[in-house]
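Note sheet for the following structure.
The values are calculated or read from the model by the stated rules, or taken from the named source; none is laboratory data. Please read these numbers as outputs of a predicted model, since none were measured by experiment. Because the Cβ atoms are built from the backbone with ideal geometry, glycine has one as well, and the counts that use them run over all protein chains shown. The area values use the complete protein model at the heavy-atom level, side chains included, leaving out ligands, DNA and RNA. Shrake-Rupley method; radii C 1.70, N 1.55, O 1.52, S 1.80 Å.
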Amino acid sequence: MIYLDNAATSYYKPPEVIDAVCRALKGMGNAGRGTGDASVGAARILFETRQKLSDLFHADGPKQVSFTSNSTEALNTALNGLLDPGDHVITTMMEHNSVLRPLYRLQSSGVEETIIRADGKGLIDYDDFERSIRPETKAIVCTHGSNLTGNLVDIARVGKIADAHGLLLIVDASQTAGVFPIDMQTMHIDVLCFTGHKSLLGPQGTGGLAVRTGVSIRPLKVGGSGIHTFDHEHPSAMPESLEAGTVNGHGIAGLSASLTYLEKIGIDFIRHKEQTLMTRFYNGIADVPGVTVYGDFRSMDRVPIVTINIRDYPSGAVSDALLADYKIQTRAGGHCAPLMHEALGTRERGAVRFSFSHFNTEAEIDTAVKAVREIAAE
């Protein structure tokens, strides 16, 4: 199989990640729930992973990193824990449903939203952020990179706007964490939401929030924390304030190993390799009659994604043919990005997404190019 669905999850994991999970399954206790070696060892792994994530994102230290099961939980925590009735929030058509659906649900409690439109290439007008600000605006929430088109958002530019108006900036880094440099300080990011199983190359069931010091988020869940047992209220200090119950220690052990791998290999190397493969694929199919490519490719400094349709074929049929006839795994359909499909005009049939990993090879890319050309010629 040629796996080109890395925007959904990274399929190939570094061997040390697998080894770390296996070791944890054999000997990890529950952090904060005892003084034995197994429990203390688990606490040490959690702290070290928080430190690595803080370093990677230039956050305010390990205590400002809380673990969740994925980006969706992190975004739900941030949005439900920061927005109140009467607040106004600005977002974009580029967003995943993990942003949109929490916001739609918050509308019923009196939170209002403005959704910045995207054009036919999936691009937004940054001046629309300024134009959308109201006296009651509290936050901007947006993705760092579209999971459908691969278009990047200039988060530093958005961050300057948010900072100038005293707004919170909540960023969905699902497609960029582990590939693109993220500096919460210079980008003026207040809450960074990330998942561990995509470009961070960790196990599924891992993710979290990095929160700027001074930003207080109401917890999405309350319960056991390992500390302050006799208090009626859940602990208010980070990171325990946003973690109720036992975290996924086994997965976090694997995430810790993947972060060490990223530091050793270098995210700049990974990004260059993935963008090189993406460019090779794009150049091979962009001029094929009957192939429509979505997104802005004027610069190849973008998330390593190429999304297409072929003639008037349903996207699912194309993806099925790629798998059945060429053993190439892609993602077809709506990609949980409904407004982006509206902007692209692909709401009815969806699109076929190719997303690349540094573990892919040029030979695999050439096979994918050949497959698209042959399907388009049929």
Original post:
in contact with a Ser or Thr (Cβ under 8 Å, 6 or more places away or on another chain), closer than 16 Å to residue 355 by Cα and surrounded by fewer than 20 Cβ atoms within 10 Å (Cβ to Cβ), is that true of residue 11?
Top reply: yes
Subject >> Yes/no for residue 153 being touching a residue at least 12 places away in the same chain (Cβ under 8 Å) and open to solvent by less than 50 Å² (accessible area, probe 1.4 Å) >> reply: yes
Original post:
For the range 23-45, how many residues meet the condition of being surrounded by 13 or more Cβ atoms within 10 Å (Cβ to Cβ), modelled with pLDDT under 75 and among the charged types (D, E, K, R)?
Top reply: 1
Original post:
List pairs: first in the range 227-245 and among the polar types (S, T, N, Q), second open to solvent by less than 70 Å² (accessible area, probe 1.4 Å), Cβ under 8 Å, 6+ apart or cross-chain?
Top reply: 241/66; 241/217; 241/219; 241/234; 241/235
**OP:** Inspect the range 112-126 for any residue being under 15 Å from the mean Cα position of the chain (by Cα) and open to solvent by 10 Å² or more (accessible area, probe 1.4 Å) and give the result as yes or no.
**Re:** no
Original post:
residue 17 fails exactly one of the following numbered conditions: (1) among the β-branched types (Val, Ile, Thr); (2) open to solvent by 10 Å² or more (accessible area, probe 1.4 Å); (3) modelled with pLDDT of 95 or more. What is the number of that condition?
Top reply: (2)
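Among 95, 73, which is open to solvent by less than 50 Å² (accessible area, probe 1.4 Å), within 26 Å of residue 53 (Cβ to Cβ) and assigned to a loop (DSSP other than H, G, I, E, B)?
95
Here's the yes/no breakdown for (1) charged (D, E, K, R); (2) open to solvent by 30 Å² or more (accessible area, probe 1.4 Å); (3) closer than 13 Å to residue 177 by Cα; (4) out of contact with any Asp or Glu (no Cβ under 6 Å at 6 or more places or on another chain):
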| residue | (1), (2), (3), (4) |
| --- | --- |
| 193 | no, no, yes, no |
| 200 | no, no, yes, yes |
| 204 | no, yes, no, yes |
| 216 | no, yes, no, yes |
| 224 | no, yes, no, yes |
| 233 | yes, yes, no, yes |
| 237 | no, yes, no, yes |
| 240 | yes, yes, no, yes |
| 243 | yes, no, no, yes |
